[in-house]
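Have a look at the structure below before the remarks.
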Number of protein chains: 2
Amino acid sequence: MAMPKGPQAFPRDEYLRRLSAVKLEMKRRETDVLVVTSPSNITYLTGYTAKSGYVPQGLVVSLKEDEPTFLTRRMDAPAALHQMFMDTGRVIGYSENLVGHPEMDGFDVIIDFLHEHNCARGGLGLEAKSLASQTVEKFKSKMPEAKMVDFSNAITWIRLVKSDLEISVMKEAAAITDAGMLRAKEVIRPGLRESDAAAEIIATLVRGANGKAGTGLSGFYLCASPRSATAHIPWSEDVFRNGSQINLEFGGQRHGYVSALMRTFSIGKSSDRLRRIHEAEVAGLEAALGAAKPGATCGDVAAAFNSTFKKRGFIKESRCGYPIGIDWLESTASLKEGDHTVLQPNMTFHLMLGNWVDEDFGYVISETFRVTHTGAQAFSNLPRQLFEL
Amino acid sequence: MAMPKGPQAFPRDEYLRRLSAVKLEMKRRETDVLVVTSPSNITYLTGYTAKSGYVPQGLVVSLKEDEPTFLTRRMDAPAALHQMFMDTGRVIGYSENLVGHPEMDGFDVIIDFLHEHNCARGGLGLEAKSLASQTVEKFKSKMPEAKMVDFSNAITWIRLVKSDLEISVMKEAAAITDAGMLRAKEVIRPGLRESDAAAEIIATLVRGANGKAGTGLSGFYLCASPRSATAHIPWSEDVFRNGSQINLEFGGQRHGYVSALMRTFSIGKSSDRLRRIHEAEVAGLEAALGAAKPGATCGDVAAAFNSTFKKRGFIKESRCGYPIGIDWLESTASLKEGDHTVLQPNMTFHLMLGNWVDEDFGYVISETFRVTHTGAQAFSNLPRQLFEL
């Protein structure tokens, strides 16, 4: 019996539209065939979210064909058949013998495929930045007549502007994120281990919200006293105490798309220092959202935050955020002064205002928002509060 | 106030012993200084498990110094100070301005550091396979007098033989894995969504076992009918039904170390087809564990499984497993016929006997084990059962 197609997150037309945008960029760069290897970009172009990217795999996009072809190890082909929008023949499983092989790997199969399909002479796009240098060398040496074109981040730039369908999915993810943050508010109390709180919050992120399950887990960070100055520790085995401060950052996920959120919690009344930075951050956050609209730049949004924040006596060293979508961070623009990327409707950003001030003090707040036709819309419905428990 | 050191997973001596082994390999390869960039290798050499590896970072190991130096973005320096065994001065936070910078990144800072410390002329080790080709080019062009030595997987090979302390930690992880599998047995029932079962199991993996919390999450796969032929789908929004088959693969984590396990579940009486393959797999698994002992090769273990399995009329295409330790897979040897790696005491493997037979049928069972002085010891205490619920 053949593997049945799973429920698709997006209609076929949506994928063909995304592929058209990629093909336009291929034409602009004189690229006949493109090998997409970044897992997030493969998700974007096909709907595939299975976690097979730790061995070689590639989605071959050709100007000559409507649908792309995915080459993956044999054990992952059924998941690709199940999740990807394409026809059955568009998924090719290569021999398991190549996994753990001393001299060859799946990229040799992809190169053979390109030779067999007369793609060995034209412009060949590779996402070189996410490929090992040996892999790039392999393509060069086994395809000497192809002209390599670096497509690093090129698809990620296309992903920057979301469709209305993507926005809907990100809003579903945001509802899950909010549910997780509310669960944190319920469970965090003195004497509880950080890990036990993390278990409850993560379970909520998996169960989902409004009848829609979380479809995966992305970054999860619970950095509590005396670690409030740290940014990327998942959690510890320590217990919460009276007076503990807890910085939370996580995002619910739908079909690979994430809506991230940060909030700071305090067990008992928060310190003056914490309240002062919170008030300055919220003022800055609102100024930044106020500055976000079509025609403004990413730098304008950061400048609005920074000037408001500075007036209140604070400085944030790290950038104010970045585009967000499939599996969190899109490595393209930055909400950072001097970034001239012009905002367009349906661009989505994580306005990330985490501020790790001293070795013993940090504070976090953030919003995931989209640019609308007139301004900005945050996806979370949570208050911009310093939660005192 | 300075960031306090957190509780260390291993004593200082253990890290110095690991570093000595790396330095021996450096001498063998005429490498004066090594830039470690693989997050698992950084965990191995320092105890650091925070998730900052999505931006450039590097652990500089020099033959001239006892302790290595870690260069990371400023916001991640406090977590490094907290988690790493080294002295405070051994963690250097680079400017946040380099994150999202169009022309420079953290590797420029690492290269400057190497120049300042007179490391620009000798042998320079890079883990090229886990670096973007542009990064390797940057090192070459900015350090023209250094002699590049490829250290890809070199530390991972050193990790293959665990210390007794590492074995203890992996056993703690295995107890968490078992708790997760028992939780699956409790919660899976007809009508429950896969995501709701996943939430319960994952929460158990985070809470931990025997008073020891899970310290992170690694791969988690719940592939149920009609997706039993898939290997790497985390879970779906589908509900379990009478007759559903559920293939589970996950691993509890302690201090970054994972002990993985696979078991197959059936709601109601399992089919003849499922029972037959289960019996053949268990026989093969036991033959494989029987063949694992010092002096035997990885290939011998695979051959023992394959011949037993074949006698019962089955074939497994994919390899029979791989070394496991920090964050699951170690990309070195394979439990695969023809792999001549000789087993030594305290090597640890995931004997991964997942078998995705047809597009509509797969079966999974596995054990994480260590090689002892006389044979093999599985870490899990669970029966090798086809769990009928």
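Only the coordinates and a few stated rules stand behind these numbers; no lab work does. Quick caveat, the model's predicted, so the values are computed rather than measured. With ideal geometry, Cβ positions are generated from the backbone for all residues, glycine too; neighbour counts draw on all protein chains shown.
For segment A:116-166, the equivalent ellipsoid built from the Cα gyration tensor has semi-axes of 27, 14, 8 Å, listed from largest to smallest. Distance between the modelled labels on B:Lys64 and A:Leu182, one decimal in nanometres: 6.0 nm (7 Å Cα→Cβ projection). Dimensions of segment B:164-388 based on its C-alpha atoms, expressed as ranges along the principal axes with the largest first, amount to 50, 44, 25 Å. Note on B:193-202: average number of Cβ atoms from other chains within 10 Å of each residue's Cβ is 5. Diffusion of chain B by Stokes-Einstein, at 37 °C in a medium of 0.692 mPa s and with Rh set to the Kirkwood radius over alpha-carbon pairs, works out to 147 µm²/s.
What is the distance in Å between the Cα centroid of segment A:191-269 and that of segment B:180-251? With segment A:191-269 and segment B:180-251 each reduced to a Cα centre, they are spaced 20 Å. Each 10 Å bin from zero up to the one holding the largest Cα-Cα distance in segment A:347-389 carries the following percent of pairs: 24, 43, 25, 8, 0. Ordered from longest to shortest, the equivalent ellipsoid semi-axes for segment B:228-279 are 25, 15, 9 Å, each the square root of 5 times a Cα gyration tensor eigenvalue.
Suppose you put the label 7 Å out from Cα in the Cβ direction; list, shortest first and in nm with one decimal, how far A:Gly219 is from each other copy's label. Going from nearest to farthest copy, the values are 2.4 nm.
Globularity index of segment B:241-355 is 1.13 (Cα radius of gyration / 2.2 N^0.38 Å, N = number of residues). Highest mean packing first, where packing is the average number of other Cβ atoms within 10 Å per residue, the peptides B:206-213, B:157-164 line up as B:206-213, B:157-164. Beta bridges assigned by DSSP with both partners in segment B:12-159 are antiparallel in approximately 40 percent of cases.
Neighbours of A:Gln83 by Cβ distance under 11 Å: Lys/Arg scored +1, Asp/Glu scored -1, total +1. Amide H to amide H, with H built 1.01 Å from N, B:Trp328 comes under 5 Å of B:Val258, counting only residues 5 or more places away or on other chains.
Taking amide hydrogens as placed 1.01 Å from N in the peptide plane, the amide H of A:Tyr94 sits under 5 Å from those of A:Thr72, A:Arg73, A:Arg74, each at least 5 positions away in sequence or on another chain. The mean count of C-beta atoms from other chains within 10 Å of the C-beta of residues in A:314-326, rounded to a whole number, is 2. Per-residue 3J(HN,Hα) values for segment B:382-389, derived from phi via the Karplus relation 6.51 cos²θ - 1.76 cosθ + 1.60 with θ = phi - 60°, read 7, x, 8, 10, 8, 6, 9, 9 Hz in sequence order (x marks Gly and Pro). Karplus-derived 3J(HN,Hα) values for segment A:129-134, using 6.51 cos²θ - 1.76 cosθ + 1.60 with θ = phi - 60°, are 5, 9, 10, 5, 4, 4 Hz; glycine and proline are entered as x. Size check on segment B:1-98: the Cα extents along the three principal axes, sorted descending, read 39, 31, 21 Å. Compared with the dominant principal axis of the Cα atoms in chain A, helix A:272-291 is inclined by about 50°. Rg and Dmax of segment A:290-334, both derived from C-alpha coordinates alone, stand at 12.0, 36 Å.
Note on segment A:195-282: Cα-only Rg and Dmax are 14.2, 41 Å. Here the 3J(HN,Hα) profile of segment B:61-72, calculated from phi with Karplus coefficients 6.51, -1.76 and 1.60 at θ = phi - 60°, is 9, 10, 5, 7, 10, 5, 9, x, 10, 9, 10, 8 Hz, Gly and Pro shown as x.
Looking at the calculated P(r) for segment B:12-159, what percent of the C-alpha pair distances fall above 24 Å? Every Cα pair in segment B:12-159 considered, those over 24 Å come to 24 percent. Express the Stokes-Einstein translational diffusion coefficient of segment B:181-242 in µm² s⁻¹, to the nearest whole number, given a Kirkwood radius over alpha-carbon pairs, 37 °C and a viscosity of 0.692 mPa s. This corresponds to a translational diffusion coefficient of 266 µm²/s.
Angle, helix B:106-116 long axis vs. longest principal axis of chain B, Cα atoms, 0 to 90°, nearest 10? Approximately 40 degrees, to the nearest 10.
Around the amide H of B:Phe361, modelled in the peptide plane, lie the amide H atoms of B:Ala229, all under 5 Å away and 5 or more residues distant in sequence or on another chain. Shape summary: segment A:109-210 maps onto an equivalent ellipsoid whose semi-axes, from the alpha-carbon gyration tensor, are 47, 18, 11 Å in decreasing order.
Net charge in the neighbourhood of B:Leu261 (other residues with Cβ under 15 Å of its Cβ; Lys, Arg +1, Asp, Glu -1) is +2.
Just subtract the alpha-carbon distance of A:Arg273 and A:Arg312 from 0.36 nm times their residue separation and send over the number in nm, one decimal. Gain on extension, A:Arg273 to A:Arg312, equals 12.8 nm. If the Kirkwood radius is taken over C-alpha pairs of segment A:318-389, then at 20 °C and 1.002 mPa s the Stokes-Einstein diffusion coefficient equals 158 µm²/s. Other protein chain C-beta atoms within 10 Å of residue C-beta, averaged over A:24-36: 0.
With both residues required to sit in segment A:164-388, DSSP beta bridges show an antiparallel share near 95%.
Please enumerate, by chain and number, the lysines with C-alpha under 16 Å from the C-alpha of A:Lys269, excluding those fewer than 8 residues away in the same chain. Of all the lysines, those that pass the test against A:Lys269 - Cα under 16 Å, at least 8 places apart if same chain - are A:Lys185.
Across all C-alpha atoms in segment B:132-273, the radius of gyration and Dmax reach 20.4, 68 Å. In chain A, the DSSP beta bridges split such that about 75 percent are antiparallel, to the nearest 5.
Kirkwood analysis of the protein assembly as shown, using all unique Cα-Cα pairs, places the hydrodynamic radius at 26.9 Å.
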